[in-house]
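The values are calculated or read from the model by the stated rules, or taken from the named source; none is laboratory data. In this text the structure is predicted, and so the values were computed from the model without any measurement. Here Cβ is always computed from backbone atoms with ideal geometry, including for glycine, and neighbour counts include all displayed protein chains.
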Amino acid sequence: MPGFVLIESNGRESGPGCARFLTDATALARAGHPVRVVLVQEGVTAALPGALAELDQALRAGAELWVDEFSVAQRGLDTDALVPEAQLVGMGEVAGELLAADTKVVWH
């Protein structure tokens, strides 16, 4: 079964789109698909504890969480303040996921 990489570049401050996108991640994970949520740019703010219930739901459904370390640093966020499930990654790792065989990528 192909895996999904869902890349979120908008935070909750941009409107309800981020929350809806994370709901899609939950649905895919509950359907048994491997799901990796990648937060970049303003999306990294969703990795702060309690920021979005939809992220918590996606994680409970089995989605994996990657957070772009450059975006975190650029926004002055403390990496220790992110949810425990957050894995800090660089764009090289994200690029590898984008090019992986049998991976479907959705960018929001």
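Can you name the number of the only condition in (1) at pLDDT 95 or above; (2) over 22 Å from Thr103 (Cβ atoms) that Ala58 fails?
Looking at each condition in turn, Ala58 falls short on (2).
Condition test on Asp78, is it more than 22 Å from His33 (Cα to Cα) and not aliphatic (A, V, I, L, M)? Reasoning before the result, please.
Details: more than 22 Å from His33 (Cα to Cα): yes; not aliphatic (A, V, I, L, M): yes.
Judged against the criteria, Asp78 is a match.
Yes or no: Val83 touching a Pro at 6+ places or on another chain (Cβ under 8 Å) and under 19 Å from Gly11 (Cβ atoms)? Spell out the reasoning first.
On the way: touching a Pro at 6+ places or on another chain (Cβ under 8 Å): yes; under 19 Å from Gly11 (Cβ atoms): yes.
Yes.
Can you tell me which residue in segment 80-108 is surrounded by the most Cβ atoms within 10 Å (Cβ to Cβ), limited to those that are within 17 Å of Leu55 (Cα to Cα) and not aliphatic (A, V, I, L, M)? Can you show your working first?
Step one: list which residues in segment 80-108 are within 17 Å of Leu55 (Cα to Cα), which gives 81-88, 106-108.
Next, only the ones that are not aliphatic (A, V, I, L, M) stay: 84-85, 87, 107-108.
Numbers: Pro84: 8, Glu85: 17, Gln87: 14, Trp107: 12, His108: 15.
Top of the filtered list is Glu85.
What number of residues within segment 1-56 are farther than 17 Å from Leu82 by Cα and among the acidic types (Asp, Glu)?
Total meeting the criteria: 2.
Sort through Val83, Val72, Val94 and tell me the only one that's assigned to a helix (DSSP H, G or I) and modelled with pLDDT of 95 or more. Lay out the reasoning, then the answer.
Details: Val83 fails: assigned to a helix (DSSP H, G or I); Val94 fails: modelled with pLDDT of 95 or more.
Sole residue among the options that is assigned to a helix (DSSP H, G or I) and modelled with pLDDT of 95 or more: Val72.
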